[in-house]
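First comes the structure, then the notes that go with it.
The values are calculated or read from the model by the stated rules, or taken from the named source; none is laboratory data. Only a predicted model underlies this, so the values are computations on that prediction, with no experimental measurement involved. Glycine also receives a Cβ, built like all others from the backbone with ideal geometry; neighbour counts cover every protein chain displayed.
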Amino acid sequence: MTNYANDTVTEGGTVAANQRSGTASSDAVPAGCLLLLNNTGAGSHNVDLTINALWHGMSPGSAATPGKRRIVISAAQWLAVRVPVEFGDANGLVAVTIDGTAAEVKYFCLGA
């Protein structure tokens, strides 16, 4: 698992963005970031964001926690997805898992 930092988005466009390649083993991105996903494969993929938030005092994994948010990305599609801040774990990270041939999904992790 790799923990990625945000690529800074500046008004002057002075910072290059790094393209990431999806893995099936769960990388992590900062909570609150904007993911710009691109499916380079021929079929659709499921991109799952782990939800680490607490609801009404319940801990992650309990019946009150949904566990993940699934995003379906079609072949050749570009999709912008905001990762909610409240999804972050104790380190402010959110796991991202991609099904199938995960390397077909490329993404940018953008933030301020």
**OP:** Please verify whether segment 33-51 includes one or more residues that are touching a His at 6+ places or on another chain (Cβ under 8 Å), at pLDDT 90 or above, of a type outside the set (D, E, K, R) and more than 12 Å from residue 94 (Cα to Cα).
**Re:** yes
Original post:
Just for segment 1-28: of the residues that are farther than 13 Å from residue 98 by Cα and assigned to a strand (DSSP E or B), which one is modelled with the highest pLDDT?
Top reply: 3
Original post:
Where residues in segment 71-112 are in contact with a strand residue (DSSP E or B) (Cβ under 6 Å, 6 or more places away or on another chain) and among the polar types (S, T, N, Q), which of them is farthest from residue 52 (Cα to Cα)?
Top reply: 77
Original post:
Just a yes or no: is a residue in segment 57-66 touching a strand residue (DSSP E or B) at 6+ places or on another chain (Cβ under 8 Å), part of a loop (DSSP other than H, G, I, E, B) and modelled with pLDDT of 75 or more?
Top reply: no
Original post:
Identify, please: which residue in segment 67-86 is of a type in the set (Val, Ile, Thr) and exposed (fewer than 15 other Cβ atoms within 10 Å of the Cβ) and is, among those, modelled with the highest pLDDT?
Top reply: 72
**OP:** Give the number of residues within segment 87-104 that are surrounded by 16 or more Cβ atoms within 10 Å (Cβ to Cβ) and in contact with an Asp or Glu (Cβ under 9 Å, 6 or more places away or on another chain).
**Re:** 4
